[in-house]
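Engineer: I am attaching a structure below and will ask some questions about it afterwards.
The values are calculated or read from the model by the stated rules, or taken from the named source; none is laboratory data. Computed from a prediction, not measured in an experiment: that's the story for all the values here. Cβ: placed from backbone, ideal geometry, glycine included. Neighbour counts: every protein chain shown.
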Amino acid sequence: MKKIISLIALICISASFSCNKDVLNKRPLSIISDADVFKDPALINSYLSQVYAEMSFMGNETGYVGGDAYWNAFDINDVSDESFPQFRDWNPSNAFTFKYGNLNINGGLLDWWGYGVVRKINEFLEKIPASPLSAGEVKAKVAEARFLRAFCYFAMVKRYGGVPLITAVQNISDPQSSLYPARATEQQVYDFIIAEIDASANDLPEVVTAENLGRPSKYAALALKSRAALYAGSIAQFGTVELGGVVGIPTAMAQKYYQESYDASQAIISSGKFALYNGDANKVTNFRNIFLVKNNSEVIFAKRHDAVNALSGGNGWCVDFFNCPRPQAWSRGLYEQTYLEFAESFEHIDGTSGKLDRAALQNKLVTTDELWANKDPRFFATFYTQNTSWKGTKLDFHAGLRLPDGTIKTDGAYNAIQATGDQDYQGTGIAILKFLDESHDNMAGSNSGWATSAQDWILFRYAEILLNQAEAAFELGKTGDALTSINLVRARAGIAALGSVTRDQIHNERKVELAFEGHRYWDVRRWRTAVNDLSIRWSGIRYILDVTSGKYLIQFIDNVDGTSRIPQFRQENYYLPITNGRTANNPKLVENPGYK
């Protein structure tokens, strides 16, 4: 069955048609057939670029058209214990619904059923050998396509468990068993991903040239293997096999997968191609710049962005416009705010717990310097809160005034001091600074002009590889290697080294280092701790300004999500539902356990 691809504006083909031919014999200039595509090197590259564009999960796991150009790019954070989706009078976030126990058989959360993309890749792999490209070019393109197909299957298996493994182009004349395949086991899908990487990694370039930035190297493939095998090992160790292995992996396989992850991580580390970013002496600035300085030493694979509005044909995204402090064109900003408990996960620089002594603070006046004294520098690079410096000023979250007589004033003003600051005081009191560019114009964008952030989205970075290695090493009993890797990450952050390491410390280091990078939700799922970790009534913080001293009376706000919105992750939510629509189309797609 012929597939026709619209490749408008990719290449002008009008010169190939003579002006004296019958106009009825001309093909539309905006439609290019498969036969044309695989005869032209430029169109071959464009075909593969279209595959990237349709892999929307690369936009921070969103399954929506437009990827990270829209607020759905934050759902992966907001459905976890990382953050709270704001805009209370208008909240488009799917996480806002599903966070509170509402994920059911109809799905809708983080869905990415990527068989349209898989078909494109399968067709590419089928037709590229007969193209005019040289044998070396064909080899490299095949390796790239296989990497992308493995990435697609990883995006699906971590969502749904076992899914159909389709590795050839389906045709209408194929037997029913081919057109309506059953779900493979979860183990088979992970084994396929790892095998595809093993078969293709060495055919990818060691170093990606400047004109090919955004395409994978050998080490991007190894990074995918490092992550995927780690997930498989965790699922084998902590999960349960159900539906005959369609979900779950036998416990006996855990060590094999951990070793696969460890070896892939070690290959990246030993290559010497990457290093933890250390371009700035100031530890706070240094950590912020990991996400602002393009192509730095830590970046293994990134989705490229520019400052041109993605909603008008560019490749920007929306992080600055939605997460920035006020002022902002919609008089909003602060779309995501973190929970106090998540902020407390950041230790002090001496390695002691970052938890606040709430009882001691309840009736004490403090400065913000005292409140957050000696915190992990990553705290200040990840969050903004009361008195955080921003564009030459200090942000003001205070919500109420403590008058000289001890009473609290919550509206109006006192001696020209407003009762509330200019930032959002109805949320958690701590918003997300990570990724934000202070030079971005957040006053532009009131008319769908918000997707203009140029920061690249880092899909794989070196710190994750060190943490993957630390976790795999720990589970393999190689505690010395685990300690070495985790202390490298801590040293770059500017906090005390650990003398020994536990599983909980490794998990917390991932939580802090990789916050808001699309990892936390998947981590607590694969560790099978999400039922506990994501079913908590979280809290926020309020700053009451004492007009006499200039210090703050701290209030802790319980149930900050709202009294009627109770975060709940149920046992069945360790896998997303296949959904009624898909099982109706293909009865062989058995539904995941617990969804009715």
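Engineer: Tell me which helices (runs of 4 or more DSSP H) are completely within the range 267-383 and hold 3 or more residues being out of contact with any Pro (no Cβ under 8 Å at 6 or more places or on another chain), closer than 14 Å to Leu433 by Cβ and modelled with pLDDT of 95 or more, or say none if there are none.
Structural biologist: Values: elements: 283-289, 319-323, 340-343, 358-361, 368-371, 377-382.
By residue number, 283-289, 319-323, 377-382.
Engineer: Scan the range 194-210 and tell me whether some residue there is at pLDDT 95 or above, under 22 Å from Leu589 (Cβ atoms) and surrounded by fewer than 17 Cβ atoms within 10 Å (Cβ to Cβ).
Structural biologist: So far as the range 194-210 goes, no, none of its residues is at pLDDT 95 or above, under 22 Å from Leu589 (Cβ atoms) and surrounded by fewer than 17 Cβ atoms within 10 Å (Cβ to Cβ).
Engineer: So Asn415 clears everything in (1) surrounded by fewer than 14 Cβ atoms within 10 Å (Cβ to Cβ); (2) in contact (Cβ under 8 Å) with a residue 60 or more places away in the chain; (3) in contact with a Gly (Cβ under 8 Å, 6 or more places away or on another chain) except one condition, right? Which one?
Structural biologist: (3)
Engineer: How many residues, within the range 259-301, are under 30 Å from Asn374 (Cα atoms) and of a type in the set (A, V, I, L, M, F, W, C)? Talk me through it step by step, then tell me what you get.
Structural biologist: Start the filter on the range 259-301 by keeping residues that are under 30 Å from Asn374 (Cα atoms), which leaves 274-294, 296-299.
Subsequent filtering for residues that are of a type in the set (A, V, I, L, M, F, W, C) retains 274-276, 281, 284, 287, 290-293, 299.
Matching residues across the range 259-301 total 11.
Engineer: Further question: Quick one: how many residues across the range 178-193 are over 12 Å from Met253 (Cβ atoms), surrounded by 20 or more Cβ atoms within 10 Å (Cβ to Cβ) and among the polar types (S, T, N, Q)? Steps first, answer last, please.
Structural biologist: Of all residues in the range 178-193, those over 12 Å from Met253 (Cβ atoms) come to 178-184, 189, 192-193.
If we keep only those that are surrounded by 20 or more Cβ atoms within 10 Å (Cβ to Cβ) too, we end up with 183-184, 189, 193.
Filter once more, so that each one left must be among the polar types (S, T, N, Q): none.
Of the residues in the range 178-193, 0 are over 12 Å from Met253 (Cβ atoms), surrounded by 20 or more Cβ atoms within 10 Å (Cβ to Cβ) and among the polar types (S, T, N, Q).
Engineer: Any idea how many residues of the range 426-467 are crowded, with 21+ Cβ neighbours inside 10 Å and without any contact (Cβ under 8 Å) to a residue 12 or more places away in the chain?
Structural biologist: 0
Engineer: Would you confirm, using the coordinates I've provided, whether Ser439 is closer than 20 Å to Leu334 by Cβ, among the small types (Gly, Ala, Ser) and at pLDDT 95 or above?
Structural biologist: On the way: closer than 20 Å to Leu334 by Cβ: yes; among the small types (Gly, Ala, Ser): yes; at pLDDT 95 or above: yes.
It is true that Ser439 is closer than 20 Å to Leu334 by Cβ, among the small types (Gly, Ala, Ser) and at pLDDT 95 or above.
Engineer: Being farther than 26 Å from Trp522 by Cα and at pLDDT 95 or above is the filter; apply it to the range 559-596 and report the residue that is surrounded by the most Cβ atoms within 10 Å (Cβ to Cβ).
Structural biologist: Once the filter is applied, the top-ranked residue is Asn586.
Engineer: Return yes or no: is Asp422 surrounded by 14 or more Cβ atoms within 10 Å (Cβ to Cβ), within 20 Å of Trp330 (Cα to Cα), touching a residue at least 60 places away in the same chain (Cβ under 8 Å) and out of contact with any Cys (no Cβ under 7 Å at 6 or more places or on another chain)?
Structural biologist: Values: surrounded by 14 or more Cβ atoms within 10 Å (Cβ to Cβ): yes; within 20 Å of Trp330 (Cα to Cα): yes; touching a residue at least 60 places away in the same chain (Cβ under 8 Å): yes; out of contact with any Cys (no Cβ under 7 Å at 6 or more places or on another chain): yes.
It is true that Asp422 is surrounded by 14 or more Cβ atoms within 10 Å (Cβ to Cβ), within 20 Å of Trp330 (Cα to Cα), touching a residue at least 60 places away in the same chain (Cβ under 8 Å) and out of contact with any Cys (no Cβ under 7 Å at 6 or more places or on another chain).
Engineer: Right, next: Name the single residue that is nearest to Glu82 (Cα to Cα) among those in the range 342-362 being surrounded by fewer than 15 Cβ atoms within 10 Å (Cβ to Cβ) and among the charged types (D, E, K, R).
Structural biologist: Looking at residues that are surrounded by fewer than 15 Cβ atoms within 10 Å (Cβ to Cβ) and among the charged types (D, E, K, R), I get Lys355.
Engineer: Give the number of residues within the range 387-426 that are in a strand (DSSP E or B) and not charged (D, E, K, R).
Structural biologist: Taking the range 387-426 first, the residues in a strand (DSSP E or B) are 389-390, 393-394, 399, 401-402, 408-409, 413-414, 417-418, 420.
If we keep only those that are not charged (D, E, K, R) as well, we get 389-390, 393, 399, 401, 408, 413-414, 417-418, 420.
Adding up the residues that qualify gives 11.
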